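Trainee: First the structure, then my questions, so here it is.
Computed from the coordinates by the stated procedures, all read-outs in this text should not be read as laboratory data. Please read these numbers as outputs of a predicted model, since none were measured by experiment. FYI the Cβ positions are ideal-geometry reconstructions off the backbone, even for glycines, and counts take in every protein chain you see.
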Amino acid sequence: MLEMYDAPPADGRVVCVDEFGPLNLQPRKGKAWRPLRSPRRLRATYNRYDGVMHMLAALDLATGKIYYRIRQRKRWYEFLGLLKALRSRWPGEKLYIVLDNFSPHKHPNVRAWAAANNVELVFLPTYGSWLNWIESEFAALRYFALNGTDHRSHGEQNAAIAAYIRWRNARATPKTGFAIESPIRTWTDYPAKAA
């Protein structure tokens, strides 16, 4: 896996894919300026009358840009829709899709479509979802778009996510050298390659 990050295949594009969510409508903790002894009161959200949403996202390592869709469910059907959108974005290239072992990723219809459309599904080891590069992008998304908010509708929350993704993609740079100086490299058999 780390070899693919260090030296991307010359015959295609590496794209990291994962799901983010559930996206609930609830107050989210975050930092805010408040007068001393005047805490910010959070509304109670015991029920989910508006339901929950899920974000399916892809990180293109060649450009560093994120592509995403927000859906009500995260079944194999929605996942296949994201793959088809990625396939249409880069029609002439082979796609190496890095993903975890979530069952919709392994659905027979997904595997059959991938085999027929020059898409290779690269599954991470069990309990190795931290190796998916998009996970760090989700941490930034949570921090910059969701922390300290209390959205009252999914449309409002989705607009905040879209604004952050637009801002981030405008400043995106190619992703190279996954955790080069991190102790993570000592836990695996893959040493960091010099850039």
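Trainee: Could you give the length gained by full extension between ALA159 and TYR49, i.e. 0.36 nm per residue of separation minus their alpha carbon distance, to one decimal place?
Mentor: Details: separation 110, 0.36 × 110 = 39.60 nm, distance 1.97 nm.
Answer, rounded to one decimal: 37.6 nm.
Trainee: Could you work out how much longer the chain between SER88 and THR176 gets when fully extended? Use 0.36 nm per residue separation minus the Cα distance between them, nm to one decimal.
Mentor: 29.3 nm
Trainee: Arrange the peptides 3-14, 72-83 so that the one whose residues have, on average, the most other Cβ atoms within 10 Å appears first. Please report the intermediate quantities before stating the final value.
Mentor: On the way: 3-14: 14.4, 72-83: 17.1.
The peptides rank, most packed first, as 72-83, 3-14.
Trainee: Cut-off under 13 Å on the C-alpha distance; same-chain residues fewer than 8 positions from LYS74 excluded. Which aspartates and glutamates are left, in chain and number order?
Mentor: Correct list for LYS74: ASP18, GLU19.
Trainee: Explain nothing, just compute: Karplus ³J(HN,Hα) = 6.51 cos²θ - 1.76 cosθ + 1.60, θ = phi - 60°, for every residue of the range 105-110 in order, whole Hz, x for Gly and Pro.
Mentor: Result, rounded to whole Hz: 5, 9, 4, x, 5, 5.
Trainee: Among rounded, prolate and oblate, which fits the range 124-185 when a ≥ b ≥ c are the square roots of the eigenvalues of its C-alpha gyration tensor, a/c under 1.5 means rounded, and a/b larger than b/c means prolate? Walk me through the numbers on the way to the answer.
Mentor: Working: a/c = 2.81, a/b = 1.82, b/c = 1.55.
It is prolate, given that a/c is not under 1.5 and a/b is the larger ratio.
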